[in-house]
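Below is one structure, written out as structure tokens, with a few remarks after it.
The values are calculated or read from the model by the stated rules, or taken from the named source; none is laboratory data. All values reported here derive from a predicted model rather than from experimental measurement. Here Cβ is always computed from backbone atoms with ideal geometry, including for glycine, and neighbour counts include all displayed protein chains.
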């Protein structure tokens, strides 16, 4: 067996390493796995280029891929943190108190909702701020609600 062929096989066997945590499926973990694979490919290409089997252009192209993937991971982490904070706000908890369980959205089910006839009026309409029930003043409720939204000026 040629030394170059043996060298290629050794480089390939080193590059084929399963990810440490195959269960991590989030965007940051996925990006990190892609970066690790791209880095292993780059390491293999560098070895091949030293042996004269691939041109320098292939190495530079792979370096560009690695750089792009490395630049992509921090924004993914920031987006994940922002989404978790927004979810905590929506459920009325502090972001530090929110405990997310691993799983899929497919496991969620829709809440049970009482069925009403389409177009049927609400049996008990709510009025903002206890506004006038007089139908001749349809915008009175909106004006009261707007006035209550702002703090009183003294």
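Every condition in (1) farther than 30 Å from residue 84 by Cβ; (2) at pLDDT below 95; (3) in contact with a helix residue (DSSP H, G or I) (Cβ under 8 Å, 6 or more places away or on another chain) holds for residue 3 except the one numbered (3).
Per-residue answers, yes or no, for (1) modelled with pLDDT of 60 or more; (2) touching a strand residue (DSSP E or B) at 6+ places or on another chain (Cβ under 8 Å); (3) part of a helix (DSSP H, G or I); (4) exposed (fewer than 10 other Cβ atoms within 10 Å of the Cβ):
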site: 92; (1), (2), (3), (4): yes, no, no, yes
site: 110; (1), (2), (3), (4): yes, no, no, yes
site: 119; (1), (2), (3), (4): yes, no, no, yes
site: 125; (1), (2), (3), (4): no, no, no, yes
site: 129; (1), (2), (3), (4): no, no, yes, no
site: 141; (1), (2), (3), (4): yes, no, yes, no
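Look at the stretch 78-98: where a residue is within 17 Å of residue 29 (Cβ to Cβ) and a partner is exposed (fewer than 11 other Cβ atoms within 10 Å of the Cβ), sitting 6+ places away or on another chain with Cβ atoms under 9 Å, you get 84/100. Taking the criterion of being exposed (fewer than 14 other Cβ atoms within 10 Å of the Cβ) and either in contact (Cβ under 8 Å) with a residue 24 or more places away in the chain or not in a helix (DSSP H, G or I) (or both), the residues of the stretch 51-71 that qualify are 52, 55. Looking at the structure I just gave you, is residue 84 assigned to a loop (DSSP other than H, G, I, E, B) and either in contact with a strand residue (DSSP E or B) (Cβ under 7 Å, 6 or more places away or on another chain) or surrounded by 11 or more Cβ atoms within 10 Å (Cβ to Cβ) (or both)? Spelling it out, it is not the case that residue 84 is assigned to a loop (DSSP other than H, G, I, E, B) and either in contact with a strand residue (DSSP E or B) (Cβ under 7 Å, 6 or more places away or on another chain) or surrounded by 11 or more Cβ atoms within 10 Å (Cβ to Cβ) (or both).
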